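In what follows, a single structure is set out as structure tokens and then discussed.
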Amino acid sequence: MKRGIVPGTFDPVTSGHLDIIERAAALFDSLVVGVALSPDKGGGPLFSAEERVTFIQDATAHLENVSVRAFDTLLVDFAEEVGASVIVKGLRAMTDFEREFQMAALNWRLDHHVETMFIMAIPEYMYLSSSAVKEIAVHGGSVRELVPDAVCDAISRKLSEAR
Ligand code: PNS
């Protein structure tokens, strides 16, 4: 049985992430979405790990071979813990490449048994990122269709609580 893992911070999950998860799920017997706690990224995540996991669980409920778990370890250790041999990452514009290339090389150095593969983002999602979604929302723009509806509502609630 071939198991893949799609890791990320997912703060919050976007339609672009979900497209990559869905396409990766079609390539593996089972797929684990690993939600990194990433407490230090960008001044701390907007959503808790539990919230981020729940958003992805709800949005992938129709995909029977997908499960979602939070992790706070090295990615290669988490991959081993869940029995995944392939890390799947989405690649958007060339700007992603440098960082992803570095992470793939370091993960290879840390564990030769775990491969990294990339799935190209479709043009519609090429410039979509969680941080852009948050920036648009903070300035009052609509993020509908960029994220699942439940996430869109949660961002509005979170931002109005903070005001
Ligand atoms: O969505 P992101 O923030 O680009 O995802 C980055 C992530 C979570 C995949 C990366 O930071 C990661 O793998 N974190 C776990 C810690 C780790 O293994 N770091 C070394 C990888 S080079």
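The values are calculated or read from the model by the stated rules, or taken from the named source; none is laboratory data. Just so we're clear, the structure is a prediction, and the values are computed from it rather than from any experiment. The area values use the complete protein model at the heavy-atom level, side chains included, leaving out ligands, DNA and RNA. Shrake-Rupley method; radii C 1.70, N 1.55, O 1.52, S 1.80 Å.
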Reachable lysines, given that their alpha-carbon falls under 19 Å from the alpha-carbon of LYS41 and they are not under 8 places away in the same chain: LYS89, LYS134, LYS158
Degrees separating the helix 49-59 axis from the principal Cα axis of the chain, which is the longest one: 90 degrees
The chain: most fluctuating residue of ALA59, ALA49, ALA132 per GNM, C-alpha cutoff 10 Å: ALA132
Residues of the chain: accessible area per residue with a 1.4 Å probe, Å²: 56 Å²
Of all accessible heavy-atom area on the chain, the percent that carbon and sulfur account for (1.4 Å): 54 percent
Cα-based helix-to-principal-axis angle, 95-110 vs the chain, degrees rounded to 10: 40 degrees
Radius of gyration, Dmax [the range 60-163; alpha carbons; angstrom]: 16.7, 47
Amide H contacts under 5 Å for ALA36, placed H, 5+ residues apart: GLY8, THR9, PHE71
Cα long-axis angle, helix 149-162 against the chain (0 to 90 degrees, to the nearest 10): 60 degrees
Nearest-10 value in Å² for the accessible area of MET120, using the 1.4 Å probe: 100 Å²
